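First the structure, in the form of C-alpha cells, and then the observations on it.
Taken together, the values in this text are just the output of simple stated rules run on the coordinates, not laboratory data. Keep in mind that what you see is a predicted model, and the values were worked out from it rather than measured. Virtual Cβ from ideal backbone geometry, glycine too; neighbours counted across all protein chains shown.
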Amino acid sequence: MLYSLDKEHIDVKALLTHGFRGKLLEDFKITSSFIRKTVFRKVDGFGRNMAIMISVFFVRAIIGGNIVPQAISNIVNSLKNLDSVPIYGIGLFGVSAIVYISTEFILFKYFKKLAESIITLKKSMINSIKVNGINGAPEDVIGRITSDVDFIIWNINMVLTTLLPNIFTGIVAIYTIFSFNKQVGIVTTCTLIPYLILAEYYSRKAELARLEERHEYSISIAYIRDVVYWKQENGLLDTVLNKWYKAILKVIWYDRIYWGISLFTQFTSIGIISFIALTQAYSGLIDAGSLAGILSATISAHSALLNAMWALCIQGQTTAAIKRAVVYFHGDDGYRYRVEHPIAPVMKRI
C-alpha cells in the first residue's frame, strides 16, 4: 500500500517510485476500476447512460476532426471559380450544427444520472459506516462523505467528457491530415508527444498535493461547523486553512506548468506544420484547399490532444480522492482497513 488514509502516513518515496512505472496508466486503472466496481454496481443505469455519452462524443469527433476540415477545403477550392457557390461545404456546416444541438439534449440524461450517483454513493458510505464504524479522524471522514464523493463524481465526469471527445477528435484529425499529405501527418504526430510527457509529469507531482488538500479541506468542514454552532474551534481552523492554502497552491503551480508549456508547444508546432504545409503547396504537392484543410485539422488535433492530456491530469487528482473514499465502498473486497471508531460515539460527539 502506497499510503494510509491519513496524510501523515503518506509514503512519498513509494509513491514516486511507483509513479515511474507509468503514473497515467496506473491512474487510469484506478479510475476505471472505481467506475466499474463501485459506480456501475451501486448506481442503476449509469453504464447505459455512459454508453450514450460515449456514442455522442464519437459522432462529434467525426464532425470536428473530419467533416469540418473537409467543408473548409471545399469552400477554399470554390474560390478557383468565383461564380460557383460552395453548396457542399456550407451544407456540411449546417449538418454539423444540427448534430451538435441535438446531441446536447441527448446528453441531459447522462448528466442527470451523475447527480443521482452522488446521492446514491453518499448513502452507501453512510450505511457502511453505520454497520462497520469509521477508520480515521471523524472530522476527515465527514469531509470524505460531504466533499470527496462530489469531487470524485464531477472530476470523473470532467475526465470522461474531456478525454473521450478530444481523443476521438484528435485521432480523426490526424487521419484527416494524413489523407491530405502523409509527410505533414508524420510531423504532426511527432509534435503531439510533448503533451503526453507533460501529463505524466503533472500526475506524479499533483497527486501528493491533492491528497493533502483533500485531507485539510475535509477537516476544515468539521471545524467550520464548530464555529457556526458553538462559536469555537480552539484555533485549529486557521491552522487547517493555512495548510489547505499551501497544498492548493502546489496544485495551482503544477497547473500553470502544464498549461504554459502545453500552449507554447501548441502554437510552436502549428507554426512549424504551417511552414511545412506551405512548402508542399508551393511545390505543387497539395492545392490551396488541402492546405486550408491541413491547417484546420492541425489546430483541431493539437487542441484536442492538449485537452485530452489535461483530462488525464485531472484523473491524477481524482485518484487521490478515490483512495480516500473507496474504503467505505468495498470492505469485503480487500479495501477494508481496521475499524478504529464505532459509529455511535462519533455521532454523539458531533
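Here are a few things to note about the model shown:
- For the residues ILE101, ILE270, ILE322, a GNM of the chain with alpha-carbon springs under 10 Å puts the largest fluctuation on ILE101.
- Listed peptides 210-220, 235-245 appear in the order 210-220, 235-245 once ranked by packing, highest mean of other Cβ atoms within 10 Å at the front.
- The value of relative contact order for the chain, using C-alpha pairs under 8 Å at least six residues apart, is 31 percent.
- Span from the the range 183-243 Cα centroid across to the the range 275-333 one, whole angstrom: 22
- Using alpha-carbon coordinates, inclination of helix 68-77 to the longest axis of the chain, degrees: 20
- Given charges at Cβ of Lys, Arg, Asp, Glu: the chain dipole, positive-most of ILE142, PHE105, VAL227: ILE142
- Acute angle (nearest 10 degrees) that the helix 182-191 long axis makes with the longest principal axis of the chain, alpha-carbon atoms: 30
- Calculated mean residue ellipticity, 222 nm, the chain: -26500 deg cm²/dmol, from DSSP H runs (n ≥ 4) at -39500 (n - 2.57) each, averaged per residue and rounded to 500.
- Annotation: peptides 85-95, 44-54, 178-188, 59-69, ranked by per-residue average of other Cβ atoms within 10 Å with the highest first, follow the order 59-69, 178-188, 44-54, 85-95.
- Taking Cα atoms only, the orientation of helix 149-180 departs from the longest principal axis of the chain by about 20 degrees.
- Shape annotation for the range 28-170: C-alpha extents along the principal axes are 78, 22, 22 Å, from largest to smallest.
- For the range 48-145, the number of Lys pairs with C-alpha atoms closer than 20 Å, counting only pairs eight or more positions apart or on separate chains, is 5.
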